[in-house]
Amino acid sequence: MPNQLNNYISDYLEYLNKDTATAAQTIKNYQFYLGRFMEATGATEPNDITEEKVKTFLEFLKQIRNGRGELMKLSTQNYHLIALRAFLDYLKNVGVTSLPAESVILNKTKRQPIVYLEGSDLEKLLEAPLHTKNFSIIQTRDKAILELLFSTGLKVSEIASMRRAQIKFNLSEIAIPNDTNSSRTIPLTNLVKYWLKQYLEARIDSAPALF
């Protein structure tokens with residue numbers, strides 16, 4: 001019997017590779033994480049992805065040990081779940097019925113002490129993408145992400161799930177959805193707008209995802 005889920009995963013990885021600016025290592029990791037999900041749950045169809053299957057997957061991850069005999073960290077378990085959520089979001093976007101991405105709940109991890117960057121350290125971080133050997137579009141993408149992150153105070157998860165339509169260049173703002181089906185607006189600085197435009201103009205795809 002054909003494994004339709006594996007086919008959809010292949011299509012998803014091809015979409016990430018051809019139509020988005022997703023890093024090659026991220027695509028490789030997603031392939032591994034999603035393959036591990038199928039291995040742990042026996043899922044072969046999109047409808048096989050249920051909350052129970054996700055719980056089974058999580059219990060599977062909790063039993064994995066590294067070469068030093070240490071159990072998998074909660075943050076590493078979350079990387080697997082994030083990949084699954086992203087895949088479920090893709091299935092929804094292409095009209096395939098499966099578990100809603102928001103049904104996959106991440107593990108709660110301990111908050112780390114906040115360390116603030118100051119002066120030259122912050123400037124070095126913001127300029128770092130432009131001094132790498134990555135392709136130009138990767139440089140501008142990473143630069144846009146950092147400028148957006150530090151100028152708006154948005155969560156990484158909010159930026160990761162952002163869509164192009166949320167950016168209102170003419171109003172110099174970005175619309176952030178709330179849980180109440182409404183949205184809040186965040187102002188955009190001219191510098192953020194500049195780097196977002198540089199990045200979007202370099203893209204040749206029409207995918208709705210901003211990053």
Note on the stretch 199-211: residues open to solvent by less than 70 Å² (accessible area, probe 1.4 Å) and either part of a helix (DSSP H, G or I) or in contact with a Gly (Cβ under 6 Å, 6 or more places away or on another chain) (or both) are Y199, L200, A202
Can you tell me which of (1) without any contact (Cβ under 8 Å) to a residue 40 or more places away in the chain; (2) part of a helix (DSSP H, G or I) is the one K18 doesn't meet? (1)
Qualifying residue in the stretch 91-98 (condition: under 20 Å from I159 (Cα atoms) and polar (S, T, N, Q)): yes
Looking at I145, is it in contact with a helix residue (DSSP H, G or I) (Cβ under 9 Å, 6 or more places away or on another chain), touching a residue at least 12 places away in the same chain (Cβ under 8 Å) and closer than 22 Å to T20 by Cα? yes
Does F57 count as under 30 Å from N134 (Cα atoms), of a type in the set (A, V, I, L, M, F, W, C) and under 21 Å from the mean Cα position of the chain (by Cα)? no
Taking the stretch 142-185 and the residues there that are open to solvent by 80 Å² or more (accessible area, probe 1.4 Å) and within 26 Å of P129 (Cα to Cα), the one that is nearest to the chain's Cα centre (by Cα) would be V156
Cβ contacts < 7 Å: first residue in contact (Cβ under 8 Å) with a residue 12 or more places away in the chain and open to solvent by less than 70 Å² (accessible area, probe 1.4 Å), restricted to the stretch 119-132; second residue part of a helix (DSSP H, G or I) and not polar (S, T, N, Q), any location; separation 6+ or different chain. Result? L125/L146; L126/L146; L126/E147; L126/F150; P129/D142; P129/K143; P129/L146; L130/K143
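The values are calculated or read from the model by the stated rules, or taken from the named source; none is laboratory data. Keep in mind it's a predicted model, so treat the numbers as computed, not measured. Backbone-built Cβ (ideal geometry, glycine too); neighbour counts: all protein chains shown. Protein only, heavy atoms only, side chains kept; ligands, DNA and RNA dropped before computing areas. Shrake-Rupley method; radii C 1.70, N 1.55, O 1.52, S 1.80 Å.
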